[in-house]
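Here the structure is laid out as structure tokens; the discussion comes afterwards.
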Amino acid sequence: IAGITQAPTSQILAAGRRMTLRCTQDMRHNAMYWYRQDLGLGLRLIHYSNTAGTTGKGEVPDGYSVSRANTDDFPLTLASAVPSQTSVYFCASSDSWEVGELFFGEGSRLTVL
Amino acid sequence: GQNIDQPTEMTATEGAIVQINCTYQTSGFNGLFWYQQHAGEAPTFLSYNVLDGLEEKGRFSSFLSRSKGYSYLLLKELQMKDSASYLCAVRAGDYKLSFGAGTTVTVRA
């Protein structure tokens, strides 16, 4: 089934550790996004990529980095995890950055202790 | 940035109608979206409005008034499977999509 695959599904991480959340899509979408979802705050944009080779900062980019080496993959890295980064992370994609219909992955639940 | 407000929770009876309101303030406007998210699952796209008026799609309808910064999602003939969170999202002038905190709808028998 075509769509977005995220890994890991769930992870418990010690503070200070480095962590990469993987995201792969097979829809050949140009735009990809990383959101975090916290209770009462909704989905907040961390980073985005309008096309392979380009990335941009969203609403809450501090402590996170991304890369977009090709169309399909958009990994999110926490260089040194902190407890406030405990959240559910959703990767999403859209056909282009002008299109607002996003397709979401199933999410990665990250707990930083 | 965007300021998007929607009620936190709503409860309704199976077969009834529920209206979820969303108000927003944004720098530029390029569309309003509604997403559905069941507990523990990913959000899925429901509807899109860019012009004023009502868009109907089966049991779900979405309305937009750009001058008032207001939208609503109308769910008719409620079913138990409609119990979920409904997310209002606004696309600003820079085409970035910002989400409200979501409205949790509980459908009771």
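Might you let me know whether the stretch A:81-99 holds any residue that is farther than 24 Å from B:Trp34 by Cβ, at pLDDT 95 or above and hydrophobic (A, V, I, L, M, F, W, C)? First the steps, then the outcome.
Narrowing the stretch A:81-99 to residues farther than 24 Å from B:Trp34 by Cβ: A:81-86.
Still in the running and at pLDDT 95 or above: A:81-86.
With the extra rule that they be hydrophobic (A, V, I, L, M, F, W, C), the set shrinks to A:81-82.
Looking for residues that are farther than 24 Å from B:Trp34 by Cβ, at pLDDT 95 or above and hydrophobic (A, V, I, L, M, F, W, C), one finds at least one in the stretch A:81-99, hence yes.
Can you name the residue in the stretch B:4-18 that is surrounded by 12 or more Cβ atoms within 10 Å (Cβ to Cβ) and within 14 Å of chain A (Cβ to nearest Cβ) and is also nearest to A:Arg44 (Cα to Cα) among such residues?
Applying the filter and picking the extreme gives B:Ile4.
Looking only at the stretch B:60-95, which residues are among the hydrophobic types (A, V, I, L, M, F, W, C), within 13 Å of the chain's Cα centre (by Cα) and buried (at least 19 other Cβ atoms within 10 Å of the Cβ)?
Taking the stretch B:60-95 as the starting set, the residues that turn out to be among the hydrophobic types (A, V, I, L, M, F, W, C) are B:60, B:63-64, B:73-75, B:78, B:80, B:84, B:87-90, B:92.
Filter once more, so that each one left must be within 13 Å of the chain's Cα centre (by Cα): B:60, B:63-64, B:73-75, B:84, B:87-90.
Those that are among the hydrophobic types (A, V, I, L, M, F, W, C), within 13 Å of the chain's Cα centre (by Cα) and buried (at least 19 other Cβ atoms within 10 Å of the Cβ): B:Phe63, B:Leu64, B:Leu73, B:Leu75, B:Ala84, B:Leu87, B:Cys88, B:Ala89, B:Val90.
Determine whether B:Ala39 is more than 14 Å from chain A (Cβ to nearest Cβ) and surrounded by fewer than 16 Cβ atoms within 10 Å (Cβ to Cβ).
Working: more than 14 Å from chain A (Cβ to nearest Cβ): no; surrounded by fewer than 16 Cβ atoms within 10 Å (Cβ to Cβ): yes.
Taking the combined requirement at face value, the residue does not satisfy it.
Could you tell me how many of the residues in the stretch A:92-113 are within 25 Å of B:Asn49 (Cβ to Cβ), of a type in the set (S, T, N, Q) and either more than 12 Å from the chain's Cα centre (by Cα) or at the interface with chain B (Cβ under 8 Å from one of its Cβ atoms) (or both)?
Let us first name the residues in the stretch A:92-113 that are within 25 Å of B:Asn49 (Cβ to Cβ), namely A:92-104.
Checking the rest, the ones that are also of a type in the set (S, T, N, Q) come to A:93-94, A:96.
Now narrow it down to the ones that are either more than 12 Å from the chain's Cα centre (by Cα) or at the interface with chain B (Cβ under 8 Å from one of its Cβ atoms) (or both): A:94, A:96.
Adding up the residues that qualify gives 2.
Condition first: within 18 Å of A:Gly100 (Cβ to Cβ), assigned to a strand (DSSP E or B) and in contact (Cβ under 8 Å) with a residue 40 or more places away in the chain. Now tell me which residues in the stretch A:47-82 satisfy that.
Of everything in the stretch A:47-82, just one residue is within 18 Å of A:Gly100 (Cβ to Cβ), assigned to a strand (DSSP E or B) and in contact (Cβ under 8 Å) with a residue 40 or more places away in the chain, namely A:Tyr48.
Of everything in the stretch A:34-46 that's more than 7 Å from every other protein chain (Cβ to nearest Cβ) and in a strand (DSSP E or B), which residue is surrounded by the most Cβ atoms within 10 Å (Cβ to Cβ)? Show your work before the answer.
In the first step, residues of the stretch A:34-46 are kept if they are more than 7 Å from every other protein chain (Cβ to nearest Cβ); the result is A:34-39, A:44, A:46.
When the remaining residues are screened for being in a strand (DSSP E or B), the result is A:34-38, A:44, A:46.
Working: A:Trp34: 28, A:Tyr35: 26, A:Arg36: 24, A:Gln37: 21, A:Asp38: 14, A:Arg44: 16, A:Ile46: 24.
Within the stretch A:34-46, the match that is surrounded by the most Cβ atoms within 10 Å (Cβ to Cβ) is A:Trp34.
How many of the residues making up the stretch B:80-100 are of a type outside the set (D, E, K, R) and outside any loop (DSSP other than H, G, I, E, B)? Outline the logic, then answer.
Let us first name the residues in the stretch B:80-100 that are of a type outside the set (D, E, K, R), namely B:80, B:83-90, B:92-93, B:95, B:97-100.
Next cut, outside any loop (DSSP other than H, G, I, E, B) only: B:80, B:84-90, B:97-99.
Within the stretch B:80-100, residues that are of a type outside the set (D, E, K, R) and outside any loop (DSSP other than H, G, I, E, B) number 11.
Would you be able to say whether some residue in the stretch A:84-91 is outside any strand (DSSP E or B) and surrounded by 16 or more Cβ atoms within 10 Å (Cβ to Cβ)? Even if it seems obvious, please write down each step before you answer.
Here is the first cut: in the stretch A:84-91, the ones outside any strand (DSSP E or B) are A:84-86.
Narrowing the set further to residues that are surrounded by 16 or more Cβ atoms within 10 Å (Cβ to Cβ) leaves A:85-86.
Within the stretch A:84-91 (the criterion being outside any strand (DSSP E or B) and surrounded by 16 or more Cβ atoms within 10 Å (Cβ to Cβ)), the answer is yes, since at least one residue qualifies.
Tell me, please, whether a residue that is surrounded by fewer than 20 Cβ atoms within 10 Å (Cβ to Cβ) and in contact with a helix residue (DSSP H, G or I) (Cβ under 9 Å, 6 or more places away or on another chain) can be found in the stretch B:96-108.
Yes, the conditions are met somewhere in the stretch B:96-108.
In the list A:Ser65, A:Ser84, A:Ser96, which residue meets the criterion of being within 15 Å of A:Leu21 (Cβ to Cβ) and of a type outside the set (Lys, Arg)? Lay out the reasoning, then the answer.
Working: A:Ser84 fails: within 15 Å of A:Leu21 (Cβ to Cβ); A:Ser96 fails: within 15 Å of A:Leu21 (Cβ to Cβ).
Sole residue among the options that is within 15 Å of A:Leu21 (Cβ to Cβ) and of a type outside the set (Lys, Arg): A:Ser65.
Among (1) surrounded by 13 or more Cβ atoms within 10 Å (Cβ to Cβ); (2) out of contact with any Ser or Thr (no Cβ under 8 Å at 6 or more places or on another chain), which single condition is B:Tyr24 missing?
(2)
Taking B:Glu77 as the residue in question, decide whether it is closer than 16 Å to B:Val18 by Cβ and in a loop (DSSP other than H, G, I, E, B).
Working: closer than 16 Å to B:Val18 by Cβ: yes; in a loop (DSSP other than H, G, I, E, B): yes.
Judged against the criteria, B:Glu77 is a match.
Of all the strands (runs of 3 or more DSSP E) wholly in the stretch B:1-44, which have at least 2 residues that are hydrophobic (A, V, I, L, M, F, W, C)? Let's see the steps before the verdict.
Values: elements: B:3-5, B:9-13, B:18-25, B:32-37.
Where strands (runs of 3 or more DSSP E) fall fully within the stretch B:1-44 and carry at least 2 residues being hydrophobic (A, V, I, L, M, F, W, C), they are B:9-13, B:18-25, B:32-37.
The values are calculated or read from the model by the stated rules, or taken from the named source; none is laboratory data. Keep in mind it's a predicted model, so treat the numbers as computed, not measured. Because the Cβ atoms are built from the backbone with ideal geometry, glycine has one as well, and the counts that use them run over all protein chains shown.
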